[in-house]
Amino acid sequence: MSRHHSKGKQVKKHQQPTGDKRQQEPWRLDKPVFFVGFMGAGKSSVARRLARKGRVASVDVDFYLERREGKKITHIFDESGEEGFRAIETDVLKEIIDHETPSFVSCGGGIIKQPENRELLQRKGFVIYLKVSAQEAAGRISDLSTRPLFNDVEDAQKLNEERDPLYEQCAHAVINTSGKSVGRIAVEVQRILEEEGILWRSQK
Ligand code: S3P
């Protein structure tokens, strides 16, 4: 089932660009766009694709976190456990929200576990839940050893089911990614953001 439930208010119509020149203008985002969803949902790939297309920035929370801490996520889990990792993750999220200009932000799959993070994401940006099954996710992740919480498909499926209501709860829009390419998902995201009046392709 493919759905985009726009939980937002009234859908704002926005001016479509007409000429080539206008299409080349970088996009403008009214607020950060956060991608949430299970590991392997395509959050980082979709954020990068859209950033390239619209010539705006993208931030990967996990990548940012590893750079800031100077350690791989697996190392942080080994050293400080999931609890230690979650504390750093929340801190990094706040730093990104405070310092980055509106951009496409891909979040780690467990970011929605902390109520504080859900509230922040929802209040500060537009949250898109990319939905995926654990089975399909397993096929998309090239190296599962980099994901401390993805042990096997059965456990991952339980975790994904547990988290689903939390993803839903903080999402402004939901896209089922099953069987879809990164390009196709990116096009759906773009359409939603334009309909919501968050992404502008018109000139300043
Ligand atoms: C996690 C997902 C990972 C990473 C960490 C924990 C999770 O990010 O943050 O391994 O709890 O689901 P991706 O969703 O980008 O794989």
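Consider only pairs whose beta carbons are under 6 Å apart and that are at least six residues apart or on different chains; among these, list those whose first residue lies in segment 137-151 and is farther than 17 Å from Val46 by Cβ and whose second residue is more than 11 Å from the ligand (Cβ to nearest atom).
Ala138/Val153
Could you tell me which residue of segment 49-67 is farthest from the ligand (Cβ to nearest atom), considering only residues that are of a type in the set (Gly, Ala, Ser) and part of a helix (DSSP H, G or I)?
In the first step, residues of segment 49-67 are kept if they are of a type in the set (Gly, Ala, Ser); the result is 51, 54, 57-58.
When the remaining residues are screened for being part of a helix (DSSP H, G or I), the result is 51, 54.
Values: Ala51: 16, Gly54: 21 Å.
Out of the qualifying residues, it is Gly54.
Listed here are the residues, each with its yes/no results for (1) out of contact with any helix residue (DSSP H, G or I) (no Cβ under 7 Å at 6 or more places or on another chain); (2) at pLDDT 95 or above.
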| site | (1), (2) |
| --- | --- |
| His5 | yes, no |
| Lys43 | yes, yes |
| Val46 | no, yes |
| Leu50 | no, yes |
| Arg68 | no, yes |
| His75 | yes, yes |
| Gly84 | no, yes |
| Pro102 | yes, no |
| Arg118 | no, yes |
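Only residues that are of a type outside the set (Val, Ile, Thr), within 14 Å of the chain's Cα centre (by Cα) and either open to solvent by 30 Å² or more (accessible area, probe 1.4 Å) or within 14 Å of Gly54 (Cα to Cα) (or both): list them for segment 172-187, please. Walk me through it before giving the result.
So in segment 172-187, the residues of a type outside the set (Val, Ile, Thr) come out as 172-173, 176, 178-181, 183-184, 186.
Adding the requirement that they be within 14 Å of the chain's Cα centre (by Cα) leaves 172-173, 176, 186.
Result: His172, Asn176, Ala186.
Which one of these is within 16 Å of the ligand (Cβ to nearest atom), open to solvent by 10 Å² or more (accessible area, probe 1.4 Å) and either assigned to a helix (DSSP H, G or I) or not β-branched (Val, Ile, Thr) (or both): Pro148, Pro102?
Working: Pro102 fails: within 16 Å of the ligand (Cβ to nearest atom).
Answer to the selection: Pro148.
Just checking, which of Lys113, Lys72, Lys94, Lys131 is more than 12 Å from the ligand (Cβ to nearest atom) and open to solvent by 70 Å² or more (accessible area, probe 1.4 Å)?
Numbers: Lys113 fails: more than 12 Å from the ligand (Cβ to nearest atom); Lys72 fails: more than 12 Å from the ligand (Cβ to nearest atom); Lys131 fails: open to solvent by 70 Å² or more (accessible area, probe 1.4 Å).
Answer to the check: Lys94.
Can Ile175 be described as more than 11 Å from the ligand (Cβ to nearest atom), at pLDDT 95 or above, in a helix (DSSP H, G or I) and more than 28 Å from Arg68 (Cα to Cα)?
Details: more than 11 Å from the ligand (Cβ to nearest atom): yes; at pLDDT 95 or above: yes; in a helix (DSSP H, G or I): no; more than 28 Å from Arg68 (Cα to Cα): yes.
For Ile175, the condition - more than 11 Å from the ligand (Cβ to nearest atom), at pLDDT 95 or above, in a helix (DSSP H, G or I) and more than 28 Å from Arg68 (Cα to Cα) - is not met.
Checking Ser142 against (1) over 18 Å from the mean Cα position of the chain (by Cα); (2) loosely packed, with under 12 Cβ neighbours inside 10 Å; (3) part of a helix (DSSP H, G or I), which single condition isn't satisfied?
Going through the list (1) over 18 Å from the mean Cα position of the chain (by Cα); (2) loosely packed, with under 12 Cβ neighbours inside 10 Å; (3) part of a helix (DSSP H, G or I), Ser142 breaks only (3).
The values are calculated or read from the model by the stated rules, or taken from the named source; none is laboratory data. In this text the structure is predicted, and so the values were computed from the model without any measurement. Glycine also receives a Cβ, built like all others from the backbone with ideal geometry; neighbour counts cover every protein chain displayed. Heavy atoms of the whole protein, side chains included, go into the accessibility calculation; ligands, DNA and RNA do not. Shrake-Rupley method; radii C 1.70, N 1.55, O 1.52, S 1.80 Å.
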